[in-house]
Amino acid sequence: MDADVAAAVEQLRRERGIGLSDAVNELARAGLRLPARRSTFQQRTAELGLRLDVSNVAEALDMLDGPAAR
């Protein structure tokens, strides 16, 4: 158990006068009730100055890597 978790368990035990497993269970249940934090995905783009039609992947790879790359 990490030190911060152990400290929270001990504090809860002293405040409420409960046992170790009760304190751990109460803290775990409190954590389970918290809403999940989800970050929104945002695609980052950068202007490369390159115009390339990628509708045909093989042609695009040939243009970028050359036909010898196959």
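The values are calculated or read from the model by the stated rules, or taken from the named source; none is laboratory data. Here the structure is a predicted model, which means the values were calculated and not measured. Cβ coordinates were reconstructed from backbone atoms using ideal geometry, including for glycine residues, and neighbour counts include every protein chain displayed.
In this structure, is Gly17 exposed (fewer than 10 other Cβ atoms within 10 Å of the Cβ) and under 33 Å from the mean Cα position of the chain (by Cα)?
no
Looking at (1) over 26 Å from the mean Cα position of the chain (by Cα); (2) at pLDDT below 95; (3) in a helix (DSSP H, G or I), which is the only condition Gln11 fails?
(2)
Does Arg29 count as among the basic types (Lys, Arg), out of contact with any strand residue (DSSP E or B) (no Cβ under 9 Å at 6 or more places or on another chain) and assigned to a helix (DSSP H, G or I)?
yes
Of the conditions (1) assigned to a helix (DSSP H, G or I); (2) charged (D, E, K, R); (3) under 22 Å from the mean Cα position of the chain (by Cα), Arg37 clears all except one; give me its number.
(1)
Looking at the range 25-70 only, could you name the residues that are under 30 Å from Val5 (Cα atoms), loosely packed, with under 10 Cβ neighbours inside 10 Å and polar (S, T, N, Q)?
Ser39, Thr40
Could you say whether any residue in the range 56-69 is part of a loop (DSSP other than H, G, I, E, B) and without any contact (Cβ under 8 Å) to a residue 24 or more places away in the chain?
yes
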